[in-house]
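**Student:** Dropping a structure here in structure tokens format, bear with me for questions.
The values are calculated or read from the model by the stated rules, or taken from the named source; none is laboratory data. All values derive from a computational prediction rather than experimental measurement. Cβ placement follows ideal geometry from the backbone for every residue including glycine, while neighbour counts extend to all protein chains displayed. The area values use the complete protein model at the heavy-atom level, side chains included, leaving out ligands, DNA and RNA. Shrake-Rupley method; radii C 1.70, N 1.55, O 1.52, S 1.80 Å.
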Amino acid sequence: MAAPIEIRGFQYWPGHLDVSAQSTLLSDLRAVVAAAPLYSPVTPGGRPMSVRMTSAGRLGWITDQRGYRYETHHPAGQPWPPIPPAVLDIWHALTGLARAPDCCLVNFYGEGAKMGLHQDRDEGDFSFPVLSISLGDEALFRMGGPNRTDPTESLWLKSGDVLLMGGPARLAWHGIDRLRFRSSRLLPGGGRINLTLRVVEGATSPLSS
Ligand code: SIN
Ligand code: MN
């Protein structure tokens with residue numbers, strides 16, 4: 001396996017998945033979305049997010065007016081479907097960890113969707129990395145440091161690219177500024193899917209007392 005490129009502590013494997021692996025993942029994700037449909041999340045401040053979202057795994061990441069947290073069930077009431085084995089294989093191969101992730105967050109970016117700069121910090125143990133897999137249209141990914149005001153650097157993430165946020169980059173600020181809509185032919189209607197795999201262990205819910 002090719003060694004990753006290191007950028008500001010992020011480890012980056014451009015083109016890690018070939019077109020056939022991307023298509024396999026896409027059909028696995030169609031099954032995930034059939035069981036746990038994409039929905040439009042709302043921030044705790046009440047603002048609708050432009051991405052649509054669902055999860056696979058023991059836990060799914062949720063945001064609504066009650067806060068950011070992990071939940072065992074989709075907002076419509078059903079448990080999240082299992083993480084597809086092909087996705088788990090990528091996690092184990094690139095992280096080298098025996099421990100499986102608890103959550104595969106699925107973000108769908110349609111035309112004009114973006115994601116503001118944020119940290120992934122709702123998990124209980126930051127010694128585990130977050131692994132990101134991109135499918136479909138190219139997206140401008142902004143990477144900063146652990147402080148909101150650290151300088152940033154941007155990278156166009158393409159279909160099949162994989163990125164690891166671990167070690168010094170685990171709590172780095174990051175976000176998606178914009179999409180090159182219809183730059184990829186993977187999704188017939190255009191758009192982008194990003195998967196982030198997370199170990200949630202030890203997280204406490206803002207709802208627990
Ligand atoms: C995220 O930070 O949750 C998504 C990042 C991406 O879409 O590449
Ligand atoms: Mn994130």
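**Student:** Ignoring any ligand, DNA or RNA, what whole percent of the accessible area of the chain comes from carbon and sulfur when the probe is 1.4 angstrom?
**Tutor:** Carbon and sulfur: 54 percent of the exposed surface of the chain.
**Student:** Another one. Taking θ as phi - 60°, what are the ³J(HN,Hα) couplings along region 75-92 by the Karplus curve (6.51, -1.76, 1.60), each to the nearest whole Hz, with x for Gly and Pro?
**Tutor:** Calculated HN-Hα couplings, in order: x, 7, x, 7, x, 5, x, x, 5, x, x, 5, 6, 4, 4, 5, 4, 5 Hz.
**Student:** Once the other residues with Cβ under 12 Å from the Cβ of residue 84 are scored (Lys, Arg +1; Asp, Glu -1), what is the net sum?
**Tutor:** So the environment of residue 84 carries a net charge of -1.
**Student:** Still on this structure, please answer the following. Per residue of region 178-195, in order, report the coupling 6.51 cos²θ - 1.76 cosθ + 1.60 (Karplus, θ = phi - 60°) as ³J(HN,Hα) in whole Hz, putting x for Gly and Pro.
**Tutor:** Along region 178-195, the couplings run 6, 10, 9, 4, 6, 7, 10, 9, 5, 9, x, x, x, x, 9, 10, 10, 9 Hz.
**Student:** In a shell of Cβ-Cβ distance under 13 Å around residue 201, excluding residue 201 itself, what net charge do Lys and Arg (+1) and Asp and Glu (-1) give?
**Tutor:** Residues near residue 201 contribute -1 overall.
**Student:** Kindly provide the helix-only [θ] at 222 nm of the chain, computed as the sum of -39,500 (n - 2.57) over DSSP H runs of four or more divided by all residues, to the nearest 500 deg cm²/dmol?
**Tutor:** Only helices count here, giving -4500 deg cm²/dmol.
**Student:** Give me the accessible area per residue for the chain, probe 1.4 Å, as a whole number in Å².
**Tutor:** 46 Å²
**Student:** Taking θ = phi - 60°, what integer Hz values does the Karplus form 6.51 cos²θ - 1.76 cosθ + 1.60 yield along region 52-58, in sequence order, with x for Gly and Pro?
**Tutor:** These are the phi-based 3J(HN,Hα) values: 9, 8, 7, 9, 10, x, 4 Hz.
**Student:** Dimensions of region 5-198 along principal axes (Cα, Å, largest first)?
**Tutor:** If we take the Cα atoms of region 5-198, the spans are 40, 39, 38 Å.
**Student:** Working out 0.36 nm times the residue gap between residue 111 and residue 72, then minus their Cα-Cα distance, what length gain in nm do you get to one decimal?
**Tutor:** Between residue 111 and residue 72, full extension yields 11.1 nm more.
**Student:** Now for a separate question. Note down the relative contact order for the chain as a percent, whole number, built from C-alpha pairs under 8 angstrom at least six residues apart.
**Tutor:** Result for the chain is 26 percent.
**Student:** Could you work out the local net charge near residue 192, counting Lys and Arg as +1, Asp and Glu as -1, over the other residues with Cβ closer than 12 Å to its Cβ?
**Tutor:** That works out to +2.
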